[in-house]
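Remarks on the structure that follows.
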Amino acid sequence: MVMRRVLSKVVLVGLCFSAAAWADAYEEGLMAYVNGDYKQAIQLLKPAAEKGDAGAAHMLGRIYSEASGVPKDSSEAMKWMVQAAGQGFAHVQFAVAENYERGEGAKADDKQAAHWYRQAANQGYPMAQYRLGGLYEQGRGVEQDQAKANRWYRLAAGQLMVKAQQGDSDSQFVLGVMFEKGQGVGRDLQQAKFWYQRSGRQSALALK
C-alpha cells in the first residue's frame, strides 16, 4: 500500500514535467526506484535530468535526499531539486525554500528562501503562502511588512481550511497555529485546540 502511494504520487508529479523525448527513461528510472534498484534508477534518470527533464531531476533529488541506495548527499539533492524547481514545480520550490531556510544542502539564505516560497506561493501552494507570510512578519529575507504578511496568511488560511477538513494532518496543525496566533484568521483558542487535536500532534494548548 505504501509503495503504491509512493508510485502514484511520483508518477503524477513526474509525468507533468518529463519531456516526451525522455518519458521512457523517466518511467524506467521510476520503476527501478520503486523496485529498489537505485543504482539503475540513477543511471536512467541522470542523463534525462542533465538534458533538463524536471521529473528526472526531482527523482534524483529524492534519491540523494532520502539516501536511497546511495549515501545521503544534501548538496547533490539540492542541485537537482533547484533544477526541477526552476521549471515551475511548486512542491519542489517549497522544498528548496525550506532547505535554504534551514541551511540543508546549501548555506542558509533567507533571501533565497523567500524567493522560492514566493514562486510556490504565486502558484497557490498554501504552505508556501503561510511560510512567506512568516518571513514578512519577521522581516527575514524580505523587508518586514505586516500588511503583506497578513495578505499571505489570509490566502493560506482558506486553502488550509479545505485541506484540514479533508483530513490533511499538516494543514490541521498549521491551522491550529494560525488560530492560536491570529495569523490570517481571528484569534480563537478553541479553534486552535480543535485543530491541534485533530492533527494528532502534541502542543501545549492541545494538552490543556
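The values are calculated or read from the model by the stated rules, or taken from the named source; none is laboratory data. Remember, predicted model here, so these are calculated numbers, not experimental data. In this analysis, Cβ positions are derived from the backbone assuming ideal geometry, glycine residues included, and neighbour counts consider all displayed protein chains.
Among the residues of the range 58-72, the one identified as surrounded by 15 or more Cβ atoms within 10 Å (Cβ to Cβ) and charged (D, E, K, R) is Arg62. Within the range 103-118, one or more residues are modelled with pLDDT of 95 or more and out of contact with any helix residue (DSSP H, G or I) (no Cβ under 9 Å at 6 or more places or on another chain).
Pairing residues of the range 167-196 that are surrounded by fewer than 16 Cβ atoms within 10 Å (Cβ to Cβ) and modelled with pLDDT of 95 or more with residues that are acidic (Asp, Glu) and assigned to a helix (DSSP H, G or I), at Cβ distances under 8 Å and at least 6 apart in sequence or on separate chains, gives Arg187/Glu180; Leu189/Glu180.
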